[in-house]
Amino acid sequence: MYDFLKREDMDVYTAVVGEDGREENGLELIPSENYVSHAVRDALASTLTNKYAEGYPEKRYYGGQDFTDMVETTAIERAKKLFNAEYANVQPLGGANANIAMYFALLEPGDTVLGMELSHGGHLTHGHPVTYLTKIFNFAHYQMKDVETGDIDYDEMRRIANEVKPKILLAGFSAYPRELDYAKFVEIAKESGALAVMDIAHIAGLIAGGAVKNPFDYGFDLLTTTTHKTLRGPRGGMILTRNSAELARKIDKSVFPGFQGGPHMNNIAAKAVAFGEALRPSFKTYSLQVIKNAKAMAHVFAEHGAKMVAGGTENHLILLDAWKSFGVSGADAEALLDKAGITLNKNIIPNDTRKPMDPSGIRFGTPALTTRGFTEDDVTLVANLMIDILTKKDSVENVRKTVQKMATAHPIPESFV
């Protein structure tokens, strides 16, 4: 593997092979990361990377588009089937790109979006002040009313919505371990005159696999998403529209020519492959197991008295207060576990008193471990290893040896057939 790269660029070859070894020999718990099949990697490395394909199928600006049209149409049709959508734009280069294109398709400068507060589980693109979006649009935020249970304060959401009259009521999250009440979102959106939009980036695969609810079934107008994470595809984005041709046209125009030029056709080909994999019955089994594994890990931490946001999980991720639970900051916990071959990320928690780069929390989940075939017994051991490190009951060196044995016993699969 990588014969040409090894021959022509030893520096990059060394880095790529090093990453291969890191992934094979460690345990990946970052909930936004996963492993792709070799078929997805083949598509990413294909000659489609050479081709400019500005525009959309049968409406391109350059010639020679027979096969680009074929692959993009395949991706679109598979995406629509996966999410019960009537329209899909598969060109966004990432989840943030998809959200930005969505805002500019649906809003005028000065319009308001009501989304989830970052520290309560939202995302930077949902209106955090560090983003340039806040210079153009107004953002208001809702929160959890009870961090112990994870319950959203829907009464307060309704009050804010009726006060600020948002054009978009935005659901979705990057660090929230419960399911949302989609019916209430749609009810409040209609009452306030807003479109109901959800950023499903983290749970797209769980929705596609039928393990959690589909917002479209409750009347949401539009979904944005990444195509990696739980969907187990290449890094990229997508926008799905339920039944409005007008919204779909606005989205298409915003993505191209509004924000992007020629789409990355090799990436779209890889999306098509991943969507095809997600349509297989085995993906449903995978999605359900992701949640079973996450709940099994949460159970271990609960037994040890650890403090988790929302008290546990109903999806693929867990947000744990490492500072209050173990007297270790999020940054120190991340570093300690990384030395043992367990990779996760530091994360702010609601009402965090620590700084963002050294917060109280850690965020971890089970998509990647489940891809490697881990079951409840396996992740229970991983959770106990994490606790041993954080409570200093065992050394990093000893845990590292156990981690390597587990990684060897569960190699990263080449195919998901």
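Each reported figure results from applying straightforward, stated rules to the coordinates on display, with no laboratory input. What you see is a predicted model; the values in this text were computed from it and never measured. Here the Cβ is made from the backbone with ideal geometry for all residues, glycine too, and neighbour counts use every protein chain on show.
Computed on the stretch 42-278, with alpha-carbon pairs under 8 angstrom and 6+ residues apart, the relative contact order is 30 percent.
When only the Cβ of Lys, Arg, Asp and Glu is charged (+1, +1, -1, -1), the dipole of the chain relative to its Cα centre reaches about 200 debye. With Cβ to Cβ distances under 9 Å as the rule, what net charge do the other residues near GLN91 carry (K, R +1; D, E -1)? Computed value for this residue: -2. Highest mean first, the peptides 145-155, 283-293, 311-321 sorted by other C-beta atoms within 10 Å per residue fall in the order 311-321, 283-293, 145-155. Pairs of Cα atoms nearer than 8 Å and 6+ residues apart set the relative contact order; for the chain it is 22 percent.
For the stretch 5-161, the relative contact order is 10 percent, taking Cα pairs closer than 8 Å that sit 6 or more residues apart in sequence and dividing their mean separation by the residue count. Comparing TYR61, GLY193, GLY258 along the charge dipole axis of the stretch 42-278, the residue lying farthest to the positive side is TYR61, per the Cβ-charge model.
Rounded to the nearest 20 debye, the dipole magnitude of the stretch 42-278 is 460 debye, with +1 charges on Lys and Arg beta carbons, -1 on Asp and Glu beta carbons, and the Cα centre as origin. The alpha carbons of the stretch 57-130 stretch over 45, 27, 19 Å along the principal axes, in descending order. Quick one: grab the alpha carbon gyration tensor of the stretch 82-233, order the square roots of its eigenvalues as a ≥ b ≥ c, and give me rounded if a/c is under 1.5, else prolate or oblate depending on whether a/b is larger than b/c. The shape class here is rounded. The 3J(HN,Hα) values that the Karplus relation (6.51, -1.76, 1.60; θ = phi - 60°) gives for the stretch 235-244 are, in residue order, 5, x, x, 6, 10, 10, 10, 5, 8, 10 Hz. Gly and Pro appear as x. Across the chain, Cα-Cα pairs more than 42 Å apart make up 12 percent of the total. Just the Cα atoms of the stretch 216-318, one point each, no solvent: what log10 I(q)/I(0) does Debye give at q = 0.10, 0.13 Å⁻¹? With no solvent term, the Cα-only Debye profile gives -0.44, -0.69. Listed here are the pairs LYS213/LYS324; LYS271/LYS339; LYS346/LYS401; LYS51/LYS167; which of them are more than 26 Å apart at the Cα? Listed pairs above 26 Å: LYS213/LYS324; LYS271/LYS339; LYS51/LYS167.
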